[in-house]
1. With the structure loaded, tell me whether K61 is within 11 Å of the ligand (Cβ to nearest atom) and within 28 Å of G20 (Cα to Cα) or whether it fails that test.
2. Of a type in the set (K, R) and within 11 Å of the ligand (Cβ to nearest atom): is that true of R66 in this structure?
3. Based on what the data block shows, is A24 exposed (fewer than 12 other Cβ atoms within 10 Å of the Cβ) and farther than 29 Å from L106 by Cβ?
4. Go through segment 11-45 residue by residue and tally those that are in a strand (DSSP E or B) and farther than 18 Å from T132 by Cα.
5. Within segment 2-10, does at least one residue satisfy the condition of being within 16 Å of the ligand (Cβ to nearest atom), acidic (D, E), farther than 17 Å from G134 by Cα and out of contact with any strand residue (DSSP E or B) (no Cβ under 6 Å at 6 or more places or on another chain)?
6. With the condition kept exactly as written, say whether any residue in segment 52-64 is outside any loop (DSSP other than H, G, I, E, B), surrounded by 10 or more Cβ atoms within 10 Å (Cβ to Cβ), among the hydroxyl-bearing types (S, T, Y) and touching a residue at least 24 places away in the same chain (Cβ under 8 Å).
7. Yes or no: A46 within 16 Å of the ligand (Cβ to nearest atom), in contact (Cβ under 8 Å) with a residue 12 or more places away in the chain and touching a Gly at 6+ places or on another chain (Cβ under 9 Å)?
8. Mind telling me which of the residues F111, F86 ends up being touching a Ser or Thr at 6+ places or on another chain (Cβ under 7 Å), surrounded by 11 or more Cβ atoms within 10 Å (Cβ to Cβ) and not assigned by TED's automatic domain parsing to the domain that holds K18?
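The values are calculated or read from the model by the stated rules, or taken from the named source; none is laboratory data. Quick caveat, the model's predicted, so the values are computed rather than measured. Please note: Cβ atoms are built from the backbone with ideal geometry, for glycine as well, and neighbour counts cover all protein chains shown.
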Amino acid sequence: MEFFGKAVAHIYAIELQKRGLPRAHIRIVLDTKITTAAQVDPFVRAEVPPTFGRLQHIVLKQMTHRCDKDRCLQDGACSKGFPHAFEPETTWKEDDKHPTYRRRSLQQGGFVMWQVAAGSRPARWLDNSWVTSGWFRTTRIAT
Ligand SMILES: [Zn+2]
């Protein structure tokens, strides 16, 4: 299968997260290197899907970040960079290692919902600034 293009090598590791979903770190070396934002968008998203359904449920449950003093907070700031800035579109500058993923605000057509308190976690407004980037098409395949 040539999902991303012709692969010439790959390596992976699987870890189990506290929240119960296995997470795979996969590095694939392609015959043709991905170099533009337009090539990234079909595979990677950092937004909540706009349509209610199983994929949206998975992203909301497994692919959103909550800061925690034991996991990421250092001097009151998130060491993982959350919340990320809103971006109207994916960009990838030539010298950057990684693209900056599209994370639209509500005004830009993005997603927002009220997330109720759960246990020691307070209620909050959840929007795309709290979504981790993921392999959107592969998440869809796994559902
Ligand atoms: Zn954090």
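1. Working: within 11 Å of the ligand (Cβ to nearest atom): no; within 28 Å of G20 (Cα to Cα): yes.
Taking the combined requirement at face value, the residue does not satisfy it.
2. Values: of a type in the set (K, R): yes; within 11 Å of the ligand (Cβ to nearest atom): yes.
In short, yes.
3. Details: exposed (fewer than 12 other Cβ atoms within 10 Å of the Cβ): yes; farther than 29 Å from L106 by Cβ: yes.
For A24, the condition - exposed (fewer than 12 other Cβ atoms within 10 Å of the Cβ) and farther than 29 Å from L106 by Cβ - is met.
4. First, pick out the residues of segment 11-45 that are in a strand (DSSP E or B): 11-16, 22-30, 44-45.
With the extra rule that they be farther than 18 Å from T132 by Cα, the set shrinks to 11-13, 28-30.
Qualifying residue count, segment 11-45: 6.
5. So the first thing to find is which residues in segment 2-10 are within 16 Å of the ligand (Cβ to nearest atom), and the list is none.
Within segment 2-10, not a single residue is within 16 Å of the ligand (Cβ to nearest atom), acidic (D, E), farther than 17 Å from G134 by Cα and out of contact with any strand residue (DSSP E or B) (no Cβ under 6 Å at 6 or more places or on another chain).
6. Pass one, segment 52-64, residues outside any loop (DSSP other than H, G, I, E, B): 54-62, 64.
Now drop any that are not surrounded by 10 or more Cβ atoms within 10 Å (Cβ to Cβ), which leaves 54-62, 64.
If we keep only those that are among the hydroxyl-bearing types (S, T, Y) as well, we get 64.
After this cut, where a residue has to be touching a residue at least 24 places away in the same chain (Cβ under 8 Å) as well, the list is 64.
Checked against the condition, which is being outside any loop (DSSP other than H, G, I, E, B), surrounded by 10 or more Cβ atoms within 10 Å (Cβ to Cβ), among the hydroxyl-bearing types (S, T, Y) and touching a residue at least 24 places away in the same chain (Cβ under 8 Å), segment 52-64 yields at least one hit.
7. Details: within 16 Å of the ligand (Cβ to nearest atom): yes; in contact (Cβ under 8 Å) with a residue 12 or more places away in the chain: yes; touching a Gly at 6+ places or on another chain (Cβ under 9 Å): yes.
Answer is yes for this residue.
8. Working: F111 fails: touching a Ser or Thr at 6+ places or on another chain (Cβ under 7 Å).
Result: F86 is the single residue among F111, F86 that is touching a Ser or Thr at 6+ places or on another chain (Cβ under 7 Å), surrounded by 11 or more Cβ atoms within 10 Å (Cβ to Cβ) and not assigned by TED's automatic domain parsing to the domain that holds K18.
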